[in-house]
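Take a look at the structure below.
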DNA sequence: TTGGATGCAAAAGTTTTGCACGGTT
DNA sequence: AACCGTGCAAAACTTTTGCATCCAA
């Protein structure tokens, strides 16, 4: 997706198309895993884009409101993480050692949601599933140390 | 579970049995939903227990390490929440309106974990599932307002 | 007695806010 | 021109830490 698409996307949501917002969408879209506001800020700095951290927070907040971006709160990280909303229903597999996050795009929970709705009389809007484990690389390292 | 049990539990984990820790376990055990450190602190204050907030944080941290307590990071709350570990594998159903949290104790994901392990070569340690929706009470209120 | 637990104060880290100014529509 | 977005600084909020003291084992 290129910058013109981002610009259109923003306008379609009733937002002004600003350079910062486009760059932020671009950064998140290119990231293969969710990142924190501070990291977005640093990447912008690295690109020699002068921006204030509060602007990054405000932009992320606005983009989340418009569902262009998804905000995550993950165990073990006190910061919120943000990812580009690819309009796919995804889940996350997180390595407990290196904190790498893999996005998984298969969901086994459609039926479960229906059952749950019946049982609880809730109107179910969605869910978040996070799976924790150790990635192959970290498993190997820990095997060598005799830790696992 | 009474206070003697908590004392034993702490000792079995290699922790000293202190008044504060016992009270904190008691508060969490009695709470029907996960609560923040600040709330634990306030409940202690209400019980006329003089305690420092940093002690609450340290105690919760220690109890989590020993798996007596579970720490949660939930979307929409920048604070961590803590719940008594009932040694059941549970999930959470959260009302997007009133933020009420229901603990659900049926898990549809055993098979899924196995499949995922095979596919990714991760050593899966566990998962967290949070379902979002609107509770019957909030649905009714919103219906009246014509919002849903 | 000894090491771990606590209180206190201070710092660190994350996120939000008020206000003046600037840019998009 | 109007309104929304941004920079800056400050504050708010959550969590952690250093150190002296206290308490459970």
For the range A:1-87, what is the relative contact order in percent, using Cα pairs closer than 8 Å and at least 6 residues apart in sequence? 27 percent
Could you work out the mean count of beta carbons from other protein chains within 10 Å of each residue's beta carbon in A:131-138? 6
Please work out the Cα center distance from the range A:68-137 to the range B:24-91, rounded to the nearest Å. 23 Å
Taking Cα pairs closer than 8 Å and at least 6 residues apart, the relative contact order of chain B in percent is 17 percent
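Give me the percent of DSSP beta bridges within chain A that run antiparallel, rounded to the nearest 5. Please report the intermediate quantities before stating the final value.
On the way: 11 of 15 bridges.
The antiparallel proportion sits near 75 percent.
Per the Kirkwood definition applied to all pairs of different Cα atoms, how many angstroms is the hydrodynamic radius of the range B:1-87?
Values: mean 1/r = 0.0774 Å⁻¹.
Mean inverse Cα-Cα distance, inverted, gives 12.9 Å.
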Looking at the protein assembly as shown only, what percent of DSSP beta bridges run antiparallel? Nearest 5 please. 80 percent
Mean shadow area of chain B, taken as a quarter of the surface of its Cα convex hull (nm²): 11.8 nm²
For the range B:52-99, what are the per-bin percents of Cα-Cα distances with bins 10 Å wide, up to the bin holding the maximum? 23, 47, 28, 2
If you take every DSSP beta bridge whose two residues both sit in the range A:88-148, what share of them, in percent to the nearest 5, is antiparallel? 50 percent
Using only the alpha carbons of the protein assembly as shown, determine the length spanned along each of the three principal axes and report them from longest to shortest in whole angstroms. 66, 61, 41
Binned Cα-Cα distances of the range A:88-148, short to long, each 10 Å bin given as a whole percent: 20, 33, 24, 15, 7, 0
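Coordinate-derived values only; no laboratory data. Computed from a predicted model, the values in this text were never measured in an experiment. All Cβ positions, even for glycine, are placed from backbone atoms using ideal geometry, and neighbour counts span all protein chains on display.
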